[in-house]
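Worksheet: the structure to be examined is printed underneath.
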């Protein structure tokens, strides 16, 4: 089976995949948005597992079991806070995707689901973030031999339309 990427509107805490990605803060101890939702859905064991990880740097990723979620793993990644685009935010966001994908492959995952990393309280512009996410995944798929199915699980209509346009543009590009 060849690796591929898809876009789905839904709740990542309900998504069935080998790994779901958590848009976490540096402490990995829970927060708002996707991070809080994942921690609530996974149960208190997730917090205990995260305490053992000693945090995570921006652009990096760490992995835990998923506990009560319909996944095997949660891959926690810390996206950059948007400061106008002149503080390495683009490269750090791309690194989030690369690090999470590498962890998924290292743990024999066949499927991974990403939320919109850094676009909530971290204020990364949604179009730019989606473009970085999409290009990071495409680069990964071209570079690595993997059967990984990658899903972008977006919660709202605005992000769904952004990702659908990226997919449409990708399919219309001459190869």
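Some observations on this one:
- Selection of the range 119-163 for residues being surrounded by fewer than 17 Cβ atoms within 10 Å (Cβ to Cβ), touching a strand residue (DSSP E or B) at 6+ places or on another chain (Cβ under 8 Å) and farther than 24 Å from residue 35 by Cα yields only 138.
- Apart from one condition, residue 8 fits all of (1) in a helix (DSSP H, G or I); (2) over 23 Å from residue 106 (Cα atoms); (3) out of contact with any helix residue (DSSP H, G or I) (no Cβ under 7 Å at 6 or more places or on another chain); the exception is (1).
Coordinate-derived values only; no laboratory data. Because the structure is predicted, anything quoted here is derived from the model rather than measured. Cβ: placed from backbone, ideal geometry, glycine included. Neighbour counts: every protein chain shown.
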